[in-house]
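Values in this text are rule-based calculations from the coordinates and carry no lab data. As the structure is a prediction and not an experimental result, all values here were calculated from the model. Ideal geometry is used to build each Cβ from the backbone, glycine not excepted, and the neighbour counts take in all protein chains shown.
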Amino acid sequence: MLHYWFLLPVGVSISALVMSAGVSGSTLWVPVYLLWLRLDPPIAFWLGLFTMLFGFGSGMIRNLRDGTFDGVLVRRYLLIAMPAALVGGWLSSSVNQAFIVALFGAFLILYAILIAGRTLGMRGDIDRHDDVPVATALLGGALTGLISIGVGILAMPSVLRHRSSRSPGVAVGSLVMIIFFTSLAATIGRMRPSLISVLRRDSSQIFAIAIWAVPGVVIGGQIGPRLAQMLPSERHTRLYFSAVLLVVGVLTLARAAAIR
């Protein structure tokens, strides 16, 4: 059991970071499980989603207490993203995950650079909108099911521009809820008979990992929303998001190379 003690501080750090930026926690957990612990890809992907549910659940409770979310916006996204995540999770074992992960990793790096460039070039306030982009929610949900990452990253710019996002803390709080429920749907969607048998086979190792990782992400889940509320403006939130996204893109490419 003590063999995985280091996952406690790792869990606190990962959870606080992703919760403050509105990025899925499995983004950083899968490289830990895949590259560091060398778990099989199906277990690493599922365990990454499973672990982050505790962290984002903790962060969601914090946001509920603080009132830093927009319920209408969250519901509109989830009506589209959750069914897409269920389908994507079910189909995840039938696609070439190495190719999709590598393609998405390259996209993330370019996306981070684009967001940073546009943010640095912004002058004054940006235009606000009241709609929820269906294509963004649909693609984000499907990618979360397929490769355990997608909805938070793709939805972030739209949520920040939404008229109801009165502060960066509210925007990130809404994203935390969207990511949590979409990832929950993806986790359920991945529960095919073949994966269930593998999870049963390795249940003792998974339990040994979880008893250290889960408390870490729960603690970090309380820290992350407070960090998001400390960001002084939308401009700072975008730059912070793009910096985290750049790291995530590099790790995603490394993750693709490790998939056998």
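Compared with the alpha-carbon gap, the fully stretched path from Ser13 to Phe99 is longer by 28.1 nm at 0.36 nm per residue. Subtracting the Cα-Cα distance of Val250 and Ser203 from their residue separation scaled by 0.36 nm leaves 13.9 nm. Extension gain, Ile113 to Val72: 0.36 nm times the residue separation minus the Cα-Cα distance gives 11.7 nm.
Along the range 86-98 the Karplus relation, 6.51 cos²θ - 1.76 cosθ + 1.60 evaluated at θ = phi - 60°, assigns HN-Hα couplings of 4, 5, x, x, 5, 8, 4, 7, 9, 10, 7, 5, 4 Hz to successive residues, with x for each Gly and Pro.
Just to verify a number: FRET efficiency for Asp131 and Ile61, C-beta to C-beta distance, R0 = 30 Å, to 0.05? The partial results should precede the final answer.
Values: r = 29 Å, r/R0 = 0.96.
Efficiency computed from Cβ-Cβ geometry: 0.55.
How high is the FRET efficiency from Ser233 to Trp36, r the C-beta distance, R0 35 Å, rounded to 0.05? Please list the in-between numbers first.
Numbers: r = 36 Å, r/R0 = 1.01.
My answer for the efficiency is 0.50.
Phi angles across the range 55-64 convert, under the Karplus curve 6.51 cos²θ - 1.76 cosθ + 1.60 with θ = phi - 60°, into 3J(HN,Hα) values of x, 6, x, 5, x, 5, 4, 4, 5, 5 Hz, Gly and Pro given as x. Amide H contacts under 5 Å for Asp70: Ser174, restricted to partners 5 or more places along the chain or on a different chain, H placed in the peptide plane at 1.01 Å from N.
Note on the range 2-258: percent of Cα-Cα distances in each 5 Å bin, starting at 0 and stopping at the bin with the largest distance, equals 1, 7, 14, 19, 21, 18, 11, 6, 2, 1, 0, 0. For the chain, the longest principal axis of the Cα atoms and the long axis of helix 134-147 meet at an angle of about 20 degrees. Of the peptides 235-242, 55-62, the ranking by mean beta-carbon count within 10 Å, highest at the top, reads 55-62, 235-242. Using C-alpha pairs below 8 Å separated by at least 6 residues, the relative contact order for the chain is 42 percent.
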